[in-house]
Every structure is written in C-alpha cells, then in structure tokens.
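One structure below.
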Amino acid sequence: MKSTLSEISPLAARIGLKRLLLWFLIPLLMLLAGMYLGRLAAYDDMNADPQSVRSMRLEISRLREDLKLAEGDLQLQRTLHEVDSRALEMVRSEMTAQKERAAEREENLRFYRSLVAPDENANGLSMRQPELLAGASPGHFRYRFVIQQKARKNEWVKGSLSVSVSGLQGQKEVSYQLGSLSPDMDEEAVALSFRYFQAVEGELILPEGFAPKEVTVVASASKPREAQARAVFPWELQERFTNVGK
C-alpha cells in the first residue's frame, strides 16, 4: 500500500505543476491572441493589411527624415539671406561713402580752381558758407569760416573778419558778436593775413534761451587794396567739416 502511494505522489505533483503552468499560459496566450486580433481588427478598419502598414510606417519615417533635411535647408537659406542682406547693406554704405567722397573731391576741386584761376573780372574777397557743428554739450558749437581772395594776381591780403549771430532771445530779436560768444577770440574782429585763403575755426557758446537764426559774416581788406565782402547765411548745422580750406 505504501509503495502504491509513493508512486502516486510524484505523479500528482507533476500533474499539479502542469495545471499551474496551464493557468499562467492560458491567460497569456489569450492576451496575445487578443492583441493580435485587435491589430487585425484595426487593419480591417483601415482596410489595410499588415504589409501595407509596415510600408506606411517606412514611408512616414522617410518623410520625417526628408522634413528634417528640409528644415535644415530652410535654416541654411535663412542664414544665407541674412548674410546677403548684410553684404548688400555694406555695399550700399560703401557706395554712399564713395559718393560723398566724390562730391567732396569735386567741391575741393572747384574751390582750388577758383583760387588758381579766378574770373577775369574777379577782384576782392569772397567767403564760403559757414560750417557749424554741434558740440559735446548743449549750446556748444564748433565753427569754421573760410575767406578767400578773388584776383588774377594773388597778393598778400591784410584785413579783418567780423562775425555776428542773430536770433531770438525769448520774444526779442538780438544779435551777438562772435567775440562775445567764442572763448577762442579775444577781440570783436579776427585779423586776416593770407595770400589765397584763410580758415578761422573755434568754439562758440550760445546764451541760454537764445535761438540762433542767421550768421552775418563781414570780411574787410586794407592791403593790398581796400575791399569788403558781406554775406548773411542761415544758421544750419553740418555733420562734419569739409576738407575745403584745410
């Protein structure tokens, strides 16, 4: 009897282990079967077979790679466009600077031609428009006046230069002599001594509340003969001094 039980026990153990394995395997197989049937149902809903879906996935992956390449190319084109825009702006700036230099050279040429070969009937003095630049502080300005001799035979000129600035002080029209505005001038008139031209430069400080409108320039010569030139110019500021008269 004992031998019979001992033979049955291993058999029962093997049967129990098989049942336990079946309890785990059957739900797992059912889960896998459900997933497979669900995927097939999804394919059926899309009217697509698994091979078509795999092909679609490969196509989507390829399109994503193409999109990345297109985005990279777009960024490159944007960078090139920005570089081209900057280069174009540099070219435009250089062209503008060249035009300004050409205009300045032409102005210099006219100025020096007038000194070397003035008009046949020219005699006496002439002046260029005053050059006025804003200074570093409010009410401070730099000035330059260029007086030249107009004669076929340029002799040494002796004389004086008088400058006044007129405008409004509140509601009242007033005029100031340059000597009272400029620390670079000790007298009301500046001494002139030149053969071809003379440039008078310095700084002027306007009184507070004074609004300048005009600049009156009077150049007088006592030698080699008496002569006078007078001109009234509007108060206009420039960005920089020209090379004429330097």
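The values are calculated or read from the model by the stated rules, or taken from the named source; none is laboratory data. Since this is a predicted model, take the numbers as computed values, not measurements. Cβ: placed from backbone, ideal geometry, glycine included. Neighbour counts: every protein chain shown.
Annotations
- Meets criteria (outside the structural domain of Tyr196 (by TED's automatic domain parsing), within 44 Å of the chain's Cα centre (by Cα) and either of a type outside the set (Asp, Glu) or modelled with pLDDT under 80 (or both)) for Val163: no
- Of all the listed residues (Glu173, Glu214, Glu201, Glu239), the sole one being outside the structural domain of Leu132 (by TED's automatic domain parsing) and closer than 27 Å to Pro138 by Cβ is Glu239.
- Where Gly209 falls short, out of the listed (1) surrounded by 13 or more Cβ atoms within 10 Å (Cβ to Cβ); (2) under 23 Å from Ala136 (Cβ atoms): (1)
- Whichever residue in segment 127-150 is surrounded by fewer than 18 Cβ atoms within 10 Å (Cβ to Cβ) and part of a strand (DSSP E or B) and, among such residues, is modelled with the lowest pLDDT: Lys150
Here's the yes/no breakdown for (1) crowded, with 18+ Cβ neighbours inside 10 Å; (2) without any contact (Cβ under 8 Å) to a residue 12 or more places away in the chain:
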site	(1), (2)
Glu173	no, yes
Phe194	no, no
Leu204	yes, no
Val217	yes, no
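- Where Glu236 falls short, out of the listed (1) surrounded by 13 or more Cβ atoms within 10 Å (Cβ to Cβ); (2) in contact with a Pro (Cβ under 9 Å, 6 or more places away or on another chain); (3) of a type outside the set (A, V, I, L, M, F, W, C): (1)
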